[in-house]
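Please treat every number below as a calculation from the coordinates, not as lab data. What you see is a predicted model, and the numbers here were worked out from it, not measured in a lab.
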Amino acid sequence: MSHAGTETAPDSATATAERESPEYVRLSTAAAMTLGLKPGRFYRNARLHCLNLLLTYEGGCIAKCAYCGLSGERACAEADRSFGRVDWPLHSTDEVVARLDPPPAEIERVCISMVTRKRAVEDVKTVARRIREASDLPISMLVAPTLVPHEEYGKFRAAGADRIGIAVDAATPGIFDRYRGAGVGGPHKWERYWESVVTAVGAFGEGHVGVHLIVGLGETEREMIETIQRARDLGAVTHLFSFFPEKSSSLEGRAQPEIGRYRRVQLARFLIDEKFASARQMAFDESGRITGFGFDDARLDEVVASGLPFRTSGCPGKTVVRLFTSEVEVGSCNRPYANCLPGSEIRNFPFEPDKEDIALVRAELTAAPLPASGEGRPRRTRTSHGIGNLAGWWEV
Ligand code: SF4
């Protein structure tokens, strides 16, 4: 691996003034570990397949999303901001580009995330072009629609991206407004995000746009599943996340959604995105909980046994799995433990779940709802791979 120009930037905690994009980027901790910029290994030897980069600016993002560690509202130093549960160490773009020439064998894609800052519209293209000089890895861009003019989507493609991610995050206009819009004095508008999905599909093609949605912001299963179907009807697919309370964000005290609820939405998402079923065929009870997946029971059992619905849903890489007569692209963007702690309740499996994992998932899918207090929560654990006293999500 060529490491020319490896000026070592501070790991994250020291001066960040003027260390901004496009000259600097943040890397997810997993990406920093994979590029050899940070020591450690993942719980259960998970391997990262998509290098997640984040544009960075003094003052962070100008938006105020209640659940996000990058929110301009959050009172913390720039270097202490987190995004999706993990720290994002700062490195020079030169250093990252050098370490991608050639890329580590397991890396199949790079994703560059914007934040809501005007400069980011140009900077995301600059960083993409820099990566393209060093490698031919496919590039995704996770864009911030509020400040992205519609004509930019074609330019993102010209700069080297083949996929676009749009983080709608909330399943309903009311929740969106409460946590991202007027409710927090933020700039985002539900309609703008969905118009941008349509524009992005027009520029990148059906199936090449991923709508990010977070389960656990107060929606019902039915609301989330209908929004997943809305994305599919528009030609996009859904990349699903489980809410995780970020330190110092306004929703720091909120609990993660019940695991059974998350599993059911994962299964419905998979059926919808793979066009095995539609939300219109699914059944729900009066509380909005799904009671029927609109899919033949025996085949549904095979879908669950495949483990595919429970793996991280994200932009694809090289792995394709055959299921029935379909070819299912497995997400290269597997973000190990980005929205859960490592342990028995892995929300998005960053690897192929084994038989024991699937047995747990089956129990979770059908578990009765927990009392609101969480009391009496059944303890479901694996008999192997126990986390012991592992404090973080990697071991040094
Ligand atoms: S799924 Fe991953 S690679 Fe694709 S846009 Fe989202 S964060 Fe980026």
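Summary table below
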quantity: Relative contact order, percent, region 24-395 [alpha-carbon distance under 8 Å, six or more residues apart]; calculated: 16 percent
quantity: Rg/Rh (Cα only; Kirkwood hydrodynamic radius) as it applies to region 92-222; calculated: 1.01
quantity: Tally of Lys pairs whose C-alpha atoms are under 28 Å apart, taken over region 24-395, 8 or more apart or cross-chain; calculated: 20
quantity: Scaled radius of gyration (Cα, divided by 2.2 N^0.38 Å) that region 199-304 gives; calculated: 1.13
quantity: Shape parameters for region 24-395, alpha-carbon atoms, Rg then Dmax in Å; calculated: 19.5, 55
